[in-house]
């Protein structure tokens, strides 16, 4: 007797459908499994055997061969357990052979007692099942709401193997789970932090608004206590509205990594790894490649506090993902791509003691300031679109009782308008894969960054006086385009270039002295 049951596996953060073929013969009892499975997959034989027997069913006394197709793709993890058990029980006749399993997909780990336990990566697995034309998903109860995010499939939560057997024998009903998009929209509009909590630093807030409107990378330099970390944590609250499609992309990454706390991400991610983190933790990788911090920050913010303390090997490894929006991890078994489209926000002190240029006494010896700043390489600095200095917050600002600080909602509304203005421009040019000015390519810069004559003259002067690189020149134009978008101006004017150039002043003040 040959039966076929469908499940799904993971390759990076993408799922693929696996066909579980079970062939059973009335011979000496034996249970073999082939199909390039890892240790967890091979151990499924023992889990399935115990789960079946503890569910009140006699394990088949047959010669059993299970094949996991396609046989040339490696299968990892324990999510195949449920499908293997179903295929085996249908071959035995315990599950009616007339049961319509062609359009069903079974995903879940089995415990020895027969309980169906949750697995990582349910969302990409469910998406793969839908793309393969599956209409019904049988998944662990704890993963059911996550799988229900996928539209067009019916999701059933399975508590244990006994309940699933009862369902196929029409003796028991399984709970059908759905996802309410209205709940996502309500949760996405709520934020823990707010920009109105930040006292003073109007210049930094303006720079962050521009960065959010254009998706630009940002570097903040200021003394300890100036509010760098406080501002960075509030940057996600002024980013454009988190769309459902972006939430699904980000949730896939968190689900595969095992960091998903809710059924669907409702807020843009904010990741702040410590400077002692490893290259694998930051970029991604491992024996079985997993997403790193830069992928966990996809569609959100990666914050590197105390940037000079990060080893140069780490910060230099960010250069390629910043340009490409993804990272490729190469291993002997193949390569895996992880999305990594994030805003990089760095924060650092002006010197080792933190007091240089702040009005306080700097205790650094001659040459130590330059040595400290040189820890950030020129190529990485060149990729920071906006570089700002934060002054120390005054006592008067700290105790100001005026309630004139703008909330995140007010700033975010302006950011949304600027993004919409840019989106209409991209649509008019027939561009579909660019969503913010930071992603403009060389050809698109020429098409979208039209300047007035005065603006062009100012940019030329700045290019020579600041010794800007070609990338630095393009960064100034992109930032100026975003500033113009905030004013809904189709032409880049002189004032837009002037403000954009002001955000490159650190090139001259620190690294070129």
Practice task
Can you tell me which residue among 59, 31 is over 30 Å from residue 252 (Cβ atoms), without any contact (Cβ under 8 Å) to a residue 12 or more places away in the chain and either assigned to a helix (DSSP H, G or I) or touching a helix residue (DSSP H, G or I) at 6+ places or on another chain (Cβ under 7 Å) (or both)?
Solution key: 59
Exercise for the section: Scan (1) without any contact (Cβ under 8 Å) to a residue 40 or more places away in the chain; (2) touching a helix residue (DSSP H, G or I) at 6+ places or on another chain (Cβ under 6 Å); (3) not in a strand (DSSP E or B) for the single condition residue 47 breaks and write down its number. Expected result: (1)
Problem - Hey, residue 350 in a loop (DSSP other than H, G, I, E, B), assigned by TED's automatic domain parsing to the domain that holds residue 249, touching a residue at least 40 places away in the same chain (Cβ under 8 Å) and farther than 30 Å from residue 15 by Cβ or not - result: yes
Handout entry: residue 415 being exposed (fewer than 14 other Cβ atoms within 10 Å of the Cβ) and at pLDDT 95 or above
Key = no
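Tell me, yes or no, whether segment 326-342 has at least one residue that is over 19 Å from residue 301 (Cβ atoms) and assigned to a loop (DSSP other than H, G, I, E, B).
Here is the first cut: in segment 326-342, the ones over 19 Å from residue 301 (Cβ atoms) are 328-337.
Now restrict to residues that are assigned to a loop (DSSP other than H, G, I, E, B): 332-333.
Within segment 326-342, one or more residues are over 19 Å from residue 301 (Cβ atoms) and assigned to a loop (DSSP other than H, G, I, E, B).
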Problem - Hits in segment 329-352 (condition: surrounded by fewer than 16 Cβ atoms within 10 Å (Cβ to Cβ) and either under 30 Å from residue 365 (Cα atoms) or touching a strand residue (DSSP E or B) at 6+ places or on another chain (Cβ under 7 Å) (or both)) - result: 335
Handout entry: Close pairs from segment 370-387: first under 15 Å from residue 472 (Cβ atoms), partner surrounded by fewer than 14 Cβ atoms within 10 Å (Cβ to Cβ), Cβ under 7 Å, at least 6 apart
Key = 377/312; 377/316; 380/316; 382/471
Practice task
Report yes if some residue within segment 50-63 is in contact with a strand residue (DSSP E or B) (Cβ under 7 Å, 6 or more places away or on another chain) and surrounded by fewer than 17 Cβ atoms within 10 Å (Cβ to Cβ); otherwise report no.
Solution key: yes
Completion exercise
Scanning segment 263-320 residue by residue, those without any contact (Cβ under 8 Å) to a residue 12 or more places away in the chain and either touching a helix residue (DSSP H, G or I) at 6+ places or on another chain (Cβ under 8 Å) or closer than 18 Å to residue 345 by Cβ (or both) turn out to be 274, 286
Practice task
Return the only residue of 89, 82 being more than 30 Å from residue 290 (Cβ to Cβ), at pLDDT 95 or above and in the same structural domain as residue 31 (by TED's automatic domain parsing).
Solution key: 89
Fill in the blank from the handout: Okay, helices (runs of 4 or more DSSP H) sitting entirely in segment 216-322 with 3 or more residues that are touching a strand residue (DSSP E or B) at 6+ places or on another chain (Cβ under 8 Å), I get 228-234, 244-257, 293-296
Exercise for the section: Say whether the condition of being in contact with a strand residue (DSSP E or B) (Cβ under 7 Å, 6 or more places away or on another chain), without any contact (Cβ under 8 Å) to a residue 60 or more places away in the chain and assigned to a loop (DSSP other than H, G, I, E, B) is met by at least one residue in segment 85-101. Expected result: no
Exercise for the section: Using the structure shown, decide if residue 357 is at positive phi and either surrounded by 22 or more Cβ atoms within 10 Å (Cβ to Cβ) or part of a loop (DSSP other than H, G, I, E, B) (or both). Expected result: yes
Practice task
Looking only at segment 464-487, decide whether some residue is more than 20 Å from residue 388 (Cα to Cα) and at pLDDT 95 or above.
Solution key: yes
Completion exercise
Only unsatisfied item for residue 260, checking (1) in contact with a helix residue (DSSP H, G or I) (Cβ under 7 Å, 6 or more places away or on another chain); (2) more than 21 Å from residue 323 (Cβ to Cβ); (3) modelled with pLDDT of 95 or more, is (3)
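The values are calculated or read from the model by the stated rules, or taken from the named source; none is laboratory data. Just so you know, these numbers come straight off a predicted model, no measurement behind them. All Cβ positions, glycine included, derive from the backbone under ideal geometry; neighbour counts span all protein chains shown.
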